[in-house]
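**Student:** Starting off with a structure, shown below.
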Amino acid sequence: MAKSCNLLCVVGVLLTLSVAGRVSGQQTPKSALFPFGDSYYDLGNKKYLTTEFLPCTTWPYGKSTDRPNGRYSDGKITPDFLAIFLNQPITIPPALQPDADVSSGAGFAVGDATVLGSPSATLTLSQQVAEFEKQRSKWTAEFLQEAIFIFQIGTNDYLNFSKYYPSPDASTQQGFVTMVTNAIENELVRLYKLGVRKFGYQTLAPLGCFPIVKQELNLLGDDCYEPLNEIAKQHNEKIRPMLKSLAQKYSGFQYTVLDFYSAISRRLVNDGTQIFNNYRFSNTINSCCGIGTNNAFGCGRINVHSNLCEYPREYLFFDGFHNSQKASEEIAHLFFSGNKDIVGPMTLRELSVYPNGMNMLEY
Ligand SMILES: *[C@@H]1O[C@H](CO)[C@@H](O)[C@H](O)[C@H]1NC(C)=O
């Protein structure tokens, strides 16, 4: 028998091994990336929608990298890191940039975006999907099937809701959350029908712990504005079941959800159980850049003499709303390869290499 195993046989064994490697997802992830949503994912679209002065295009935004680039951060944001982890050779450009090189994907998210309403100088999620539809012929169907579409949206809807309804009754609040999540679901279905197959979804942060929210309400120390946290939780609870039902209904629909809420919450508390307090962020309560009790207001604004911390990497928040580059990097790591308790039913890495056309096996 041994004698009959010639060179061909060896090649056969090697081929079999390499096929097995592919099936178990060992190949290099390479998906293009298409971020949708609000300022957390805006790669620089906002400046194409307004002629007004935008703080995020000026110092100290971009402080930790070469220059301000329209991102709401001291440097890179989560989609930038994800594109790197996904082995994309170039930075993902904002989709509204004329003549952008979209060979690694394109960003449709815009600062101040909402799901409902029609705010000015931004695009609602629905308008972002419409913009994608307009540009869709730039990519082949196969390219789009393999690309990962990521979402971070709803924060501005709930911040606005909470301003208009400081103490809503349970049914008003439930009704609003249902309106928002139904509208999101419609847009995901629209994208599926446009050929999108891989959905990566980042839930909402504990909005009541944003430095700007705490500052406006005079909440000190670890105190957060619980009504806003509650509505964010209520919203987040609907996301996984929604995506699961879409995956059951639509053939080849693949998804994963990052529990952003928990990721931020864990970093906010210093409960003494971690080896490194607050995951090595020395300040999780105040912003790096701004003015006020939480240093949370007005970063980069012309008539505000904002303070600026020396080391943004020590801060969870760069300004009153947005994470520092360092925090965004950690979030991207969790999304790409975190544990099951924070990203599931698979990591973004696994989603990238999950065979096209295959239904998710847990169904
Ligand atoms: C904010 O809420 C008000 C009241 O519900 C609504 O009229 C408005 O369109 C909302 N704005 C945004 C940007 O969602």
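Please treat every number below as a calculation from the coordinates, not as lab data. Only a predicted model underlies this, so the values are computations on that prediction, with no experimental measurement involved. Reconstructed Cβ throughout: ideal geometry from the backbone, glycine too, with neighbour counts over all protein chains shown.
**Student:** Please turn the phi angles of the stretch 101-106 into ³J(HN,Hα) values with the Karplus equation 6.51 cos²θ - 1.76 cosθ + 1.60 (θ = phi - 60°), one per residue in order, whole Hz, x for glycine and proline.
**Tutor:** These are the phi-based 3J(HN,Hα) values: 7, 9, 6, 10, x, 7 Hz.
**Student:** May I pose another question? Considering amide H positions built from the backbone, and no H for Pro or chain starts, which residues 5 or more places from Tyr255, or on another chain, come under 5 Å of its amide H?
**Tutor:** Phe199
**Student:** Moving on to the next point. In the stretch 205-363, with Lys and Arg counted as +1 and Asp and Glu as -1 at Cβ, which of these residues, Gly357, Val343, Ile285, has the Cα nearest the positive end of the dipole, that is, farthest along it?
**Tutor:** Checking the options against the dipole of the stretch 205-363, the answer is Gly357.
**Student:** Any chance you could check the Cα centroid distance between the stretch 267-284 and the stretch 165-232 for me, in angstrom?
**Tutor:** About 25 Å separates the Cα centre of the stretch 267-284 from the one of the stretch 165-232.
**Student:** What angle do you read, to the nearest 10 degrees and between 0 and 90, between the alpha-carbon axis of helix 226-249 and the longest principal axis of the chain?
**Tutor:** 20 degrees
**Student:** Please order Asp66, Asp38 by the number of other Cβ within 10 Å, starting at the fewest.
**Tutor:** Least crowded to most crowded, the residues run Asp66, Asp38.
**Student:** Once Lys and Arg get +1 and Asp and Glu get -1 on their Cβ, which of Ala106, Leu220, Pro68 lies farthest toward the positive end of the dipole of the chain?
**Tutor:** Toward the positive end, the furthest listed residue is Ala106.
**Student:** Can I ask one more? Note down the relative contact order for the chain as a percent, whole number, built from C-alpha pairs under 8 angstrom at least six residues apart.
**Tutor:** 18 percent
**Student:** Per residue of the stretch 65-81, in order, report the coupling 6.51 cos²θ - 1.76 cosθ + 1.60 (Karplus, θ = phi - 60°) as ³J(HN,Hα) in whole Hz, putting x for Gly and Pro.
**Tutor:** 10, 5, 6, x, 9, x, 8, 8, 5, 6, x, 6, 10, 3, x, 4, 5
**Student:** What angle, in degrees between 0 and 90 and rounded to the nearest 10, separates the Cα long axis of helix 170-193 from the longest principal axis of the Cα atoms of the chain?
**Tutor:** Approximately 40 degrees, to the nearest 10.
**Student:** Would you grab the residues whose amide H sits under 5 Å from the one on Asn307? Only those 5+ places off in sequence or on another chain, please, with H modelled 1.01 Å from N.
**Tutor:** Those qualifying (amide H under 5 Å, at least 5 residues apart or on another chain) are Gly290, Ile291.
**Student:** Would you be so kind as to identify which of Pro206, His305, Pro29 lies farthest towards the positive end of the dipole of the chain, taking Lys and Arg as +1 and Asp and Glu as -1 on Cβ and the Cα centre as origin?
**Tutor:** Of the options given, the answer is Pro29.
**Student:** Scan the chain and report its longest stretch carrying no trypsin sites (Lys or Arg not before Pro) that are both in a DSSP loop and have at most 16 other Cβ atoms within 10 Å.
**Tutor:** Longest stretch, sites excluded: 31-300.
**Student:** Another question, then. Hey, got the dipole for the chain? About the Cα centre, +1 on K and R Cβ, -1 on D and E Cβ, debye to the nearest 20?
**Tutor:** Dipole magnitude for the chain comes out near 1020 debye.
**Student:** With n ≥ 4 as the cut-off for DSSP H runs, can you work out [θ] at 222 nm for the chain, using -39500 (n - 2.57) per run divided by the number of residues, rounded to the nearest 500?
**Tutor:** Helix contribution divided over all residues of the chain: -11500 deg cm²/dmol.
**Student:** OK, next. At what distance in nm do the modelled label points of Gln127 and Tyr250 sit from each other, each positioned 7 Å from its Cα along Cα→Cβ?
**Tutor:** So the label points at Gln127 and Tyr250 sit 2.3 nm apart.
**Student:** Another question about this same structure. For Arg240, Arg67, which order do you get if you count the other beta carbons within 10 Å of each Cβ and list the fewest first?
**Tutor:** Arg67, Arg240
**Student:** How tilted is helix 125-135 with respect to the longest principal axis of the chain? Cα atoms for both, answer in degrees (0 to 90, nearest 10).
**Tutor:** Helix 125-135 sits at roughly 50 degrees to that axis.
**Student:** Rounded to the nearest 20 Debye, what is the dipole magnitude of the stretch 58-119 about its Cα centre when Lys and Arg each give +1 and Asp and Glu each give -1 at the C-beta?
**Tutor:** Value, rounded to 20: 140 debye.
**Student:** Calculate, in nm to one decimal, what Arg301 and Ser120 gain on full extension: separation in residues at 0.36 nm each, minus their alpha carbon distance.
**Tutor:** 63.3 nm
**Student:** With labels modelled as points extended 7 Å from the Cα through the Cβ direction, what inter-label distance (nm, one decimal) is found for Glu362 paired with Ser167?
**Tutor:** Modelled inter-label distance: 4.0 nm.
**Student:** At a 10 Å Cβ-Cβ cut-off, how would you order Ser162, Ser171, Ser73, fewest neighbours first?
**Tutor:** Ordered from fewest to most neighbouring Cβ atoms within 10 Å, Ser162, Ser171, Ser73 come out as Ser171, Ser162, Ser73.
**Student:** While we're looking at this one, here's another question. By its C-alpha gyration tensor, with a ≥ b ≥ c as the square roots of the eigenvalues, how is the stretch 46-148 shaped: rounded for a/c under 1.5, else prolate for a/b larger than b/c, else oblate?
**Tutor:** oblate
**Student:** Sticking with this structure for a sec: Roughly speaking, what is the stretch gain from Lys193 to Asn339, that is 0.36 nm per residue apart minus the C-alpha to C-alpha distance, in nm to one decimal?
**Tutor:** So the extension gain works out to 49.5 nm.
**Student:** Holding the Cα-Cα limit at 18 Å, pick out from Lys46/Lys76; Lys163/Lys214; Lys193/Lys233; Lys47/Lys193; Lys163/Lys238 the pairs that are longer than that.
**Tutor:** Cα-Cα > 18 Å for Lys193/Lys233; Lys47/Lys193; Lys163/Lys238; rest within.
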